[in-house]
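A.B. asks: One structure follows; several queries about it will come next.
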Amino acid sequence: MSECWEGLPATVTQNARAYSLLRTILNSAVEDGYLPVNPCHVRGAGNVRRAHKITPLTIDELAVLVEEMPERHRLLVLLAAWCSLRFGELAELRRKDVDLTNMRIKIRRGVTRAEGEIVIDAPKSEAGSRDVAIPPHLKDTIKRHLDQFAQPGREGLVFPSVRGGTLSTSSVYGRAPTVKKVRGQKTQYVGGWGFYRARVVAGHPAMHFHDLRHTGAVLSAQTGATLAELMSRLGHSTPGAALIYQHAARDRDAEIARRLSDLANGTPS
């Protein structure tokens with residue numbers, strides 16, 4: 001059975017469900033006397049990993065998240081959300097890639113870590129190599145960040161680590177705070193720092209940094225962006241993911257409509 005399991009294709013959820021069904025059938029066969037023992041005993045084979053649920057941030061929640069981040073990483077969060085950029089794209093962003101005259105960010109490279117080694121490479125698809133328009137309200141924040149935290153020169157990293165190297169996710173995530181709830185008092189968040197603390201304070205303790213990209217995609221869809229426009233902005237070569245964001249935006253639009261009716265009727269949301 002173990003050899004059979006190891007030879008299955010890499011469809012994890014489908015494999016786990018099929019294994020669970022087979023194990024149930026063979027258990028019945030054992031109970032009915034057709035088999036002496038159930039051969040299904042591959043450790044963990046029937047476990048289905050729970051999918052990470054992505055809940056886009058509201059603009060107010062995003063503002064809280066940014067405020068709770070260390071100053072040198074606030075723009076990182078803002079660009080991940082408002083420009084829908086990946087962490088690897090941000091970590092490899094250089095001064096020459098940021099055009100504040102035309103308000104564009106050029107995505108030409110990304111950084112990944114493989115077996116402890118830093119790998120810098122071009123985007124995986126042609127669509128991933130793109131120019132992303134910067135929302136005008138970020139211009140002053142970008143200028144301040146470049147003055148205070150970016151490395152000098154055209155090749156200087158926009159988001160270097162404290163020691164001057166390539167930024168890692170661990171240095172951004174930091175440490176989670178201790179949450180103290182006292183009846184009748186406001187919830188207190190003690191200690192912690194970085195993204196781990198910020199996401200708790202913002203009310204999304206399970207969110208991933210990559211979820212900021214999804215938030216940006218939904219915000220873009222809410223503006224009425226077409227499928228082609230979303231694909232271009234996100235660097236997608238196929239429409240599947242962009243369609244998901246359009247559906248999410250419609251769901252959000254329905255919630256906005258409901259709240260508008262609450263306002264009209266004088267009913268608190």
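The values are calculated or read from the model by the stated rules, or taken from the named source; none is laboratory data. Computed from a predicted model, the values in this text were never measured in an experiment. Neighbour counts are summed over all protein chains in view; Cβ atoms, including those assigned to glycine, are modelled from backbone coordinates with ideal geometry.
A.B. asks: Conditions: (1) part of a helix (DSSP H, G or I); (2) without any contact (Cβ under 8 Å) to a residue 24 or more places away in the chain; (3) of a type outside the set (Phe, Trp, Tyr). VAL119 meets all but one. Number of the miss?
C.D. replies: (1)
A.B. asks: Considering every residue within the stretch 124-137, establish whether at least one is part of a helix (DSSP H, G or I), over 20 Å from the mean Cα position of the chain (by Cα) and modelled with pLDDT of 90 or more.
C.D. replies: The answer is yes; a qualifying residue exists.
A.B. asks: Applying the selection to the stretch 105-116, what residues are within 9 Å of LEU93 (Cα to Cα) and in a loop (DSSP other than H, G, I, E, B)?
C.D. replies: At the first step, the residues of the stretch 105-116 found to be within 9 Å of LEU93 (Cα to Cα) are 105-110.
ARG108, ARG109 - these are the residues of the stretch 105-116 that are within 9 Å of LEU93 (Cα to Cα) and in a loop (DSSP other than H, G, I, E, B).
A.B. asks: Taking the options ALA221, ALA198, name whichever one is at pLDDT 95 or above and in contact with a helix residue (DSSP H, G or I) (Cβ under 6 Å, 6 or more places away or on another chain).
C.D. replies: From the options ALA221, ALA198, the qualifying one is ALA198.
A.B. asks: Right, here's the next one. In the same structural domain as GLU89 (by TED's automatic domain parsing) and either exposed (fewer than 12 other Cβ atoms within 10 Å of the Cβ) or out of contact with any Lys or Arg (no Cβ under 9 Å at 6 or more places or on another chain) (or both): which single residue out of SER129, SER171, SER220 fits that description?
C.D. replies: Sole residue among the options that is in the same structural domain as GLU89 (by TED's automatic domain parsing) and either exposed (fewer than 12 other Cβ atoms within 10 Å of the Cβ) or out of contact with any Lys or Arg (no Cβ under 9 Å at 6 or more places or on another chain) (or both): SER171.
A.B. asks: Inside the stretch 178-200, can you point out the residues that are closer than 16 Å to GLU71 by Cα and either of a type in the set (S, T, N, Q) or in contact (Cβ under 8 Å) with a residue 24 or more places away in the chain (or both)?
C.D. replies: Of everything in the stretch 178-200, those that are closer than 16 Å to GLU71 by Cα and either of a type in the set (S, T, N, Q) or in contact (Cβ under 8 Å) with a residue 24 or more places away in the chain (or both) turn out to be TRP193, GLY194, PHE195, ARG197, ALA198, ARG199.
A.B. asks: Could you tell me whether ASP147 is of a type outside the set (S, T, N, Q), at negative phi and at pLDDT 90 or above?
C.D. replies: Numbers: of a type outside the set (S, T, N, Q): yes; at negative phi: yes; at pLDDT 90 or above: yes.
Taking the combined requirement at face value, the residue satisfies it.
A.B. asks: Just a yes or no: is a residue in the stretch 154-165 touching a helix residue (DSSP H, G or I) at 6+ places or on another chain (Cβ under 9 Å), farther than 21 Å from PRO70 by Cβ and modelled with pLDDT of 95 or more?
C.D. replies: Within the stretch 154-165 (the criterion being touching a helix residue (DSSP H, G or I) at 6+ places or on another chain (Cβ under 9 Å), farther than 21 Å from PRO70 by Cβ and modelled with pLDDT of 95 or more), the answer is yes, since at least one residue qualifies.
A.B. asks: Any chance the stretch 84-91 includes a residue that's in a helix (DSSP H, G or I), assigned by TED's automatic domain parsing to the domain that holds LEU157 and among the basic types (Lys, Arg)?
C.D. replies: Applying the first criterion (in a helix (DSSP H, G or I)) to the stretch 84-91 yields 87-91.
Filter again for assigned by TED's automatic domain parsing to the domain that holds LEU157, leaving 87-91.
Next, from what is left, pick out any that are among the basic types (Lys, Arg): none.
No, the stretch 84-91 contains no residue that is in a helix (DSSP H, G or I), assigned by TED's automatic domain parsing to the domain that holds LEU157 and among the basic types (Lys, Arg).
Quick grid of which residues meet (1) in contact with a Lys or Arg (Cβ under 6 Å, 6 or more places away or on another chain); (2) modelled with pLDDT of 95 or more; (3) within 30 Å of ALA198 (Cβ to Cβ); (4) among the polar types (S, T, N, Q):
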| residue | (1), (2), (3), (4) |
| --- | --- |
| ALA10 | no, no, no, no |
| ALA18 | no, no, no, no |
| GLY33 | no, no, no, no |
| PRO36 | no, no, no, no |
| ALA45 | no, no, no, no |
| THR58 | no, no, yes, yes |
| LEU78 | no, yes, yes, no |
| TRP82 | no, no, yes, no |
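A.B. asks: Of everything in the stretch 54-82 that's closer than 13 Å to PHE159 by Cβ and within 13 Å of the chain's Cα centre (by Cα), which residue is surrounded by the fewest Cβ atoms within 10 Å (Cβ to Cβ)?
C.D. replies: For the stretch 54-82, the residue satisfying everything is VAL77.
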